[in-house]
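Contents: one structure, followed by commentary.
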Amino acid sequence: MFSLETGFQKPINAGEKVIVASAANNVLFLGTDTGRLLRWDTTIDDLEEIKLTRAPKDQPRRIFPDYESRDFIVSFGTADNYYVKDSSRHSVASRLSFGSSIVERPRALGRIRGVTLTAAHFMPLESRRLFCNISELKTPPSEGGTESPGNWISQRLILLGSENGVILGLFVDSTTGKDENVVKLWNVPGAEAVYGIRGEMVSNIEMEKVYAFTAVICTSNRLYQFVGDANLEIFERNPHVLEITPPDSEIGHKTKIASGHSSASPVTPNMTTKPPIKQTISQRVCFFTVDRGRRAQKFCWTTAAGIIHGELDWKRVIRSYSSSVITNKSLIRLDGNNSPRSSVLLAASLTEFYVVLLYSDRVIFVNQLSGKIFQELNVSFTSSLRSTPPQFASIAPSSQMTRSQIIASDMVQDIVNNSLWIYSSNGYFLRLSCDNEEDGIWKVALTMNRFDVALRLSQTEEQARQVFLAQADWLADMNGAYKEASKLYAKTRKPMEEVLLKLLEAPWTVSPGELNPIIEYLISLLDQMSLDLPMQRTIIATLVLEEYCKELCIPIIVENDMKEPLKQDFDAFLQDHWQDLDLKTSFSILLSHGLWDAAVTLSVCSKKWANAIQICIQNKAYDKALDILVRAEDPEMFSKFAGYLSVHVPEELASTALLCGKEAIVKVIPALLRTFHFSSYENIRRRALSGCLNLLETLRDDPYYCKLVLHLHALDENEEAALESFQTTYPKLESQQLLDYCIFAMRCCLLGNFGKGSVQIFQSLGMLSDAVELACRMDSTYGKKIVSELTSKVENVELVRKFWLRVALAMGGSNPSSLVKVMEDSNGILQMEDVMPFMEDFLELDEDMKNAVCHSLVTSQTRIQSAIEMSSRAEETLGELEKEMEELKKKKQEEDKTLKQSDGFTFYLYFPCGHIFYDKESFLNAWTDMSRKDSHLHESMQPLESSEDRKEQYLEEQCPLCGENMIETVDQDIALDMS
């Protein structure tokens, strides 16, 4: 599975040694013992030498690459640090030859000068906006100041760890490579050297929403975890500490494997009883990523106790509010033997499923799940020696060097594509490659009972079924978790009979109200079964139905009222799988067990509305029946069941009909009326009447229902409500409907003995005298109120006086005081002489009353005398007018005589306006010409007829000049002079 790829060129000169290396993005960053820095792009064989601004006084010690570019930070033994930018040599034509150099110079990181770096991690570019505001700038570890960066948009945060245990935050301009700011974040307790550091943003895709910021810091035997909000203040909190000691062993293996073992099959190591040999192990932390370095999923930590490896669940801090992101950690112990060459571990790294251990002459692959050795490869650079190209003969190994001297020196991991490079100090490189690493790993996970991992790694449906079956057997046999196991059995191809027999014989117990494993299995099996098998689905669904009925009828569940959760699960099953059931059989089963509510649920799911309502009515669940009426949205359901429901829940039925529209209202009203007329329970009658009136309020626009409202109020003898209904409806009716409505209203008033209603109807019909008479007969005070209202509406003063006299007769009778009070309330309409005829004995009145009567008589006499004088003056004026009229008549007769003498035969007309017309034909012609010239008259009036009869008719009707009235109003007839 694993193999070592050889044939890579030697990038250094003869006699030169590689002392430090790092990798990212298929680029190797090398440092030699001569102080040279090399950047080798292995994909296109491009090698460039990095020239510093000044020659270093020591060799390069550490190189920290950026996984998002070709930039890196290099730290020298003199505590000088440089940021090396990418040379951007993308054009093939402009690439330098192998081993050449460029003129670009890296920038010295002056703000961290004097700091010996041992770990670094470049934060993603997208995270720059989260760290641009630092509340308090802390003192830097060296000189250089802590000025605020000028442009935060181009800042790049780099987490640094130093040899003396100081954690720094370095802000570098991503375009120029200049260190803009440095912040001191935390001091490691005991000033232990930092060998690894990693920061992660817990966010959604593309960091649109960031939930938390986590950081992991490793020393020689402690791992610190910081968790908090997305800012650098997390380092001010107390970290979660993981301390590794030798007794923490979980898995061990012997590093030396017998030569007879095959490298292709897993080998179980022999545990030694001897204490492990003390060995100096290079402290290192490696991370495995799958998305180009963005998110670390696993880690490998080399400690004195052994190799610690585990998984990283960054979202665990927001899912379970945990302070640790490490899960499933394991320890691989390192046992030695007498051979120092084969016992010293040079480096450790990891792939997706294996921990890689590098020794000087071999590589061992340990399965992360089982802890067993899976494969071992011998490290040999022989093929590299043979495949050295002729053009690189000048940098070939010296003749004094033998092949046995070319041994592995270290192993570096490309943090972007997770490829591993093994190299010797002499400059020879091997790349570790793997074909189908996940093949067979699911079986290993299955043997380790890591069912989640095995299921994730299974590549076919059959493999997944094997995982489900193994997990189900393990849950049932080892843990007794039959409920969880039953769900997994449904995902396998194990025969249903075997599973049911196993579950029936199993000693499982469930809490009252919970589903038993048999139901869980059958439901899960039904969910997994294809829809193309209707018969099998019906059988299984019916079995589930029977099981539910049996559970719900257990006496202990019914007595302790613990079946509500079980009923909810049953209802959910019916809603999801009603199509799989035979309805007739299912109704029979449910009703035979007394589970009528479940039968209602099944009826509703299958839209058998009538069946559901009928079951509810039979079990007196009227509220549930009304809810189903609303859900049915079918007015015919109201016609079918309103008669029965109105006898029990009339008001609720009316409220339900209001929710369903006019059609439902019309169908419910007759049922409520029948209940109101024929029910023997007064409470039901009142509720039916109330519900019916509520429904009729929505039909006020229909005269028929308006009459029905009046009739109901009459039957209920509610005069006030009837009067209000009449006053509300009467103004809305059209003229042709008023008489019919008023006659019907009068009948209702007679039926209910409504006097006031009759008075209102008389007023509406204009029968004011009848209204006053009826009001006074009913109640004199009410009659007085009616007459007071009519006083301001009726213009006939004499009629109003008669109304007040009727009120005086009704209220006062022969009591002078009451008569005087009515006279005063009439506001002058009644006088003393009007009410005196009602007084029986004037002599028995008191002095004040007598004085009032006398004063009223004197006043009346004065008014009468004034009226007589005015009448005399009017008679004199009338006589003068008669004389003037006689003179005018004589004058007119003389004028007529003169006209007769001037014309032998003349036709003339007299109009009251004084106009006289002669010669009818001449006038008609002139009038016709004049009317044609009158444009306004021609446009606004109908065209004149040409017939002479029409003209004569018009002339006889009115004067054409001034429009005076018809000729019938003329005193003098038309005269024809024949002389």
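The values are calculated or read from the model by the stated rules, or taken from the named source; none is laboratory data. Fair warning: this is a prediction, and the values are worked out from it, not measured in the lab. Using ideal geometry, Cβ is built from the backbone for each residue, glycine included, and neighbour counts are taken over all protein chains shown.
Annotations for the structure displayed:
- Condition check for W578: under 31 Å from the mean Cα position of the chain (by Cα), without any contact (Cβ under 8 Å) to a residue 40 or more places away in the chain and crowded, with 16+ Cβ neighbours inside 10 Å: yes
- Residues in the range 431-459 that are within 30 Å of A23 (Cα to Cα) and over 41 Å from the mean Cα position of the chain (by Cα): R431, L432, S433, C434, D435, N436, E437, E438, D439, G440, I441.
- Any chance K620 is in the same structural domain as I665 (by TED's automatic domain parsing), modelled with pLDDT of 90 or more, among the charged types (D, E, K, R) and on the phi > 0 side of the Ramachandran plot: yes
- Here T656 meets each of (1) over 37 Å from the mean Cα position of the chain (by Cα); (2) in a helix (DSSP H, G or I); (3) of a type in the set (S, T, N, Q) with one exception, condition (1).
- All positions within the range 173-202 that are at pLDDT below 90 and hydrophobic (A, V, I, L, M, F, W, C): M201, V202
- Filter result (over 21 Å from D582 (Cα atoms) and not in a helix (DSSP H, G or I)) within the range 496-544: A506, P507, W508, T509, V510, S511, P512, G513, E514, L515, N516
- Restricting attention to the range 567-615 and to residues that are among the small types (G, A, S), touching a helix residue (DSSP H, G or I) at 6+ places or on another chain (Cβ under 8 Å) and assigned to a helix (DSSP H, G or I), the residue that is farthest from D627 (Cα to Cα) turns out to be S586.
- Tally of residues being out of contact with any Lys or Arg (no Cβ under 7 Å at 6 or more places or on another chain) and in contact (Cβ under 8 Å) with a residue 40 or more places away in the chain across the range 647-689: 3
- Test: L712 is in the same structural domain as G752 (by TED's automatic domain parsing), assigned to a helix (DSSP H, G or I), hydrophobic (A, V, I, L, M, F, W, C) and crowded, with 17+ Cβ neighbours inside 10 Å: yes
- From the options Y741, Y705, residue that is in a helix (DSSP H, G or I) and in contact with a Cys (Cβ under 9 Å, 6 or more places away or on another chain): Y741
- Verdict on R36 being of a type in the set (K, R), buried (at least 17 other Cβ atoms within 10 Å of the Cβ) and at pLDDT 90 or above: no
- Selected residue (criterion: modelled with the lowest pLDDT) from residues of the range 152-162 that are surrounded by 19 or more Cβ atoms within 10 Å (Cβ to Cβ) and of a type outside the set (S, T, Y): Q155
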